[in-house]
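Reviewing the structure listed below.
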Amino acid sequence: MLGSMKSVGPVLLLLMSVLYVASSYSDFDFSHIGCKECNLQKNEFFSRDRQPVYQCMGCCFSRAYPTPLREKKVMMNPKNITSEAACCIANNSHWVRVDNLPVRNHTECSCGTCIYHKI
């Protein structure tokens, strides 16, 4: 019996260590791994001429939550999940010409309402 108690000690110590490491990473936000914060970055493709072109690039938040019952009742196609998203958008910009092509040169970025443009 004493031999089995000796083997339980290291197992409990290992389990406690794993739980401690797991709990220390619980406050870490994993949603932005691999994606930088929304900001101005030089667009190398359009910055070939003497004038650099900057554009907004990066990530903003998105979230999903259960649809409130009151809103669900007025939906044409009720959905259980509602999602929100913010996109990296340009607050200010001006037109520049690069090889006779008009290109927007962004001057200020922020996270805002997503607007998808159809080409």
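Scanning the stretch 75-106 for residues that are without any contact (Cβ under 8 Å) to a residue 24 or more places away in the chain, open to solvent by less than 40 Å² (accessible area, probe 1.4 Å) and not polar (S, T, N, Q) returns no hits. Kindly indicate whether R63 is farther than 30 Å from F46 by Cβ, surrounded by 10 or more Cβ atoms within 10 Å (Cβ to Cβ), within 26 Å of the chain's Cα centre (by Cα) and not aliphatic (A, V, I, L, M). Yes.
The values are calculated or read from the model by the stated rules, or taken from the named source; none is laboratory data. Since the model is a prediction, treat every value here as computed from it, not as a measurement. A quick note on method: Cβ atoms are made from the backbone with ideal geometry, for glycine too, and the neighbour counts reach across all protein chains shown. With ligands, DNA and RNA removed, areas are computed over all heavy atoms of the protein, side chains included. Shrake-Rupley method; radii C 1.70, N 1.55, O 1.52, S 1.80 Å.
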